[in-house]
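**Student:** First the structure, which I've put down as structure tokens, then a few questions once you've had a look.
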Amino acid sequence: MVPAMSKTAPAPANLPTIVASTHAYEAWLAGQIRLLPADLQAKHEAMADSVFPFLRATFYRWMQLYPVVCPAAAAAPKVLAVGDLHVENYGTWRDAEGRLVWGVNDFDEAYPLPYTVDLVRLATSALLALEALRSGCTTNEACAAIVDGYATGLAGVGDPFVLSERHPLLRDAVTSRARDPVAFWAKLGALPSATRVPPAVKWLLQSALPEPDLRFRVAHRRAGLGSLGRERFTALADWRGGKIARETKPLVPSAAVWAAGGADPQLYYSTILAGAVRAQDPFLTVQAGWVRRRLSPYCSRIELAQLARGHDRLKMLRAMGCELANIHLGSRRALPALRRDLAARPGKWLRAAAEAMAEATRQDWRAWRKSVTKT
């Protein structure tokens, strides 16, 4: 049996401060792609707002903390993992049949990692998000829902979340007022035009549009937190009675590479997509180091705040665990060892790991907030 984790996380005393780690990571990132100072400053400010946005923005720090705070979990078998997983990294898209599909929608940080990285990060994000929402869900309930969904999904052959005849909770959430098309397109239409669009990027966007000579405007959009600071180009056009949008952003090796002090130039975005059990988004492609996708009111993420009742939030968390299993099932050679390891873990191991990482994240957030206040 895998040993139980101590409820008190060891202080990561030998690690650099969060401020030093952030400067070092951003210097590494700037050596690979162009960064936007104003967007990077916006990211730093968002990191100081509250602890949940801080977690979302700092996967690079997570990969420093995790082996120190959760050594037993970090010794688990490896899979091709999402990496930067959290409760707001789930959303919807349309598949080749036009069906509405739900699942993980961002694989920027995909990398071979212990399978527990994804589970613990998802659970930690759930604890911090539910805490901010003052939800009626308990820590134990949230973690139990996630690991139950994951174990159930892992025991089978995979089950994509197609929101046609099934999954009424998810279907109702994604068709709520929060996804009003009028508000969505008004927000995109108000975006400023991009001041610098490389010819290769313009071609990537143009080639994703339904007609080769369609006129379009390229806008600059701030979105997400983990990738905020990087270039992001959004093509906006009117086509046959309505508005359409395509977006592209550059990919870099996972922050897990930086945290380990290694050098692995490989990008795993396409690989993890190809292996996952899902109804694929035909508009989500990777080309020449750029990821490209369609934007629409129903091709975006779902937030826990959209679900009013605590019981619904637990159902959502269970679905998130099951969808994570759909992705890890792509690492077929690792599955026998993964299943044995998961079965051997003591009860409430995920809660203990998530609580430890949540506390380490809070400590970092308080230090970051103090540094921002001083400046």
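**Student:** Looking only at the range 69-83, count how many residues are closer than 25 Å to Ser227 by Cα, of a type outside the set (Lys, Arg) and surrounded by fewer than 21 Cβ atoms within 10 Å (Cβ to Cβ).
**Tutor:** So the answer is 1.
**Student:** Let me ask something else. I'd like to know if the range 95-116 contains one or more residues that are at pLDDT 95 or above, closer than 30 Å to Leu251 by Cβ and part of a helix (DSSP H, G or I).
**Tutor:** yes
**Student:** Cβ contacts < 7 Å: first residue over 11 Å from Phe107 (Cβ atoms) and in contact (Cβ under 8 Å) with a residue 40 or more places away in the chain, restricted to the range 260-282; second residue among the basic types (Lys, Arg) and part of a loop (DSSP other than H, G, I, E, B), any location; separation 6+ or different chain. Result?
**Tutor:** Ala279/Arg99
**Student:** Quick one: would you say Thr124 is in a helix (DSSP H, G or I), among the polar types (S, T, N, Q), modelled with pLDDT of 95 or more and under 18 Å from Leu154 (Cα atoms)? Reasoning before the result, please.
**Tutor:** Values: in a helix (DSSP H, G or I): yes; among the polar types (S, T, N, Q): yes; modelled with pLDDT of 95 or more: yes; under 18 Å from Leu154 (Cα atoms): no.
In short, no.
**Student:** Of all residues in the range 209-238, which are part of a loop (DSSP other than H, G, I, E, B), more than 23 Å from the chain's Cα centre (by Cα) and within 25 Å of Gln32 (Cα to Cα)?
**Tutor:** Of all residues in the range 209-238, those part of a loop (DSSP other than H, G, I, E, B) come to 209-216, 221-227, 229, 231-232.
After this cut, where a residue has to be more than 23 Å from the chain's Cα centre (by Cα) as well, the list is 209-216.
Listed by number, the list is empty, since nothing qualifies.
**Student:** Shifting gears a bit: Among the residues of the range 333-362, count how many are surrounded by fewer than 19 Cβ atoms within 10 Å (Cβ to Cβ) and within 22 Å of the chain's Cα centre (by Cα).
**Tutor:** Adding up the residues that qualify gives 2.
Let's see how each residue does on (1) in a loop (DSSP other than H, G, I, E, B); (2) under 28 Å from Arg99 (Cα atoms); (3) acidic (Asp, Glu):
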| residue | (1), (2), (3) |
| --- | --- |
| Glu165 | yes, yes, yes |
| Leu169 | no, yes, no |
| Trp185 | no, yes, no |
| Arg196 | yes, no, no |
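**Student:** From the set of residues in the range 208-247 that are closer than 18 Å to Asn89 by Cβ and hydrophobic (A, V, I, L, M, F, W, C), which is surrounded by the fewest Cβ atoms within 10 Å (Cβ to Cβ)? Please lay out each step first, then the result.
**Tutor:** Of the range 208-247, the ones closer than 18 Å to Asn89 by Cβ are 221-230, 232, 247.
Pick out the ones that are also hydrophobic (A, V, I, L, M, F, W, C) and you get 223, 225, 228.
Working: Ala223: 14, Leu225: 22, Leu228: 20.
Step by step, filter the range 208-247, then rank; the result is Ala223.
**Student:** So for the range 14-37 (the condition being assigned to a loop (DSSP other than H, G, I, E, B), at pLDDT below 95 and at positive phi), does at least one residue qualify?
**Tutor:** Looking for residues that are assigned to a loop (DSSP other than H, G, I, E, B), at pLDDT below 95 and at positive phi, one finds none in the range 14-37, hence no.
**Student:** Is one or more of the residues making up the range 333-341 in a helix (DSSP H, G or I) and within 16 Å of Ile146 (Cα to Cα)?
**Tutor:** Of all residues in the range 333-341, those in a helix (DSSP H, G or I) come to 333-341.
Then drop every residue that is not within 16 Å of Ile146 (Cα to Cα), which leaves 339.
Taking every residue of the range 333-341 in turn, at least one turns out to be in a helix (DSSP H, G or I) and within 16 Å of Ile146 (Cα to Cα).
**Student:** Let me ask you something else. Step by step: first the residues of the range 66-94, then only those that are in a strand (DSSP E or B) and among the charged types (D, E, K, R), then the one that is modelled with the highest pLDDT. Which residue is that? Break it down stepwise before answering.
**Tutor:** The first filter runs over the range 66-94 and keeps only residues in a strand (DSSP E or B), leaving 78-81, 90-94.
Next, from what is left, pick out any that are among the charged types (D, E, K, R): 78, 94.
On the way: Lys78: 97, Arg94: 93.
Applying the filter and picking the extreme gives Lys78.
**Student:** List the strands (runs of 3 or more DSSP E) inside the range 239-331, counting only whole elements, that have at least 2 residues being under 23 Å from Leu204 (Cβ atoms) and among the charged types (D, E, K, R). So that I can check it myself, show each step before the final result.
**Tutor:** Details: elements: 242-250, 285-287, 290-295.
Ranges flagged: 242-250, 290-295.
The values are calculated or read from the model by the stated rules, or taken from the named source; none is laboratory data. Since the model is a prediction, treat every value here as computed from it, not as a measurement. Cβ coordinates were reconstructed from backbone atoms using ideal geometry, including for glycine residues, and neighbour counts include every protein chain displayed.
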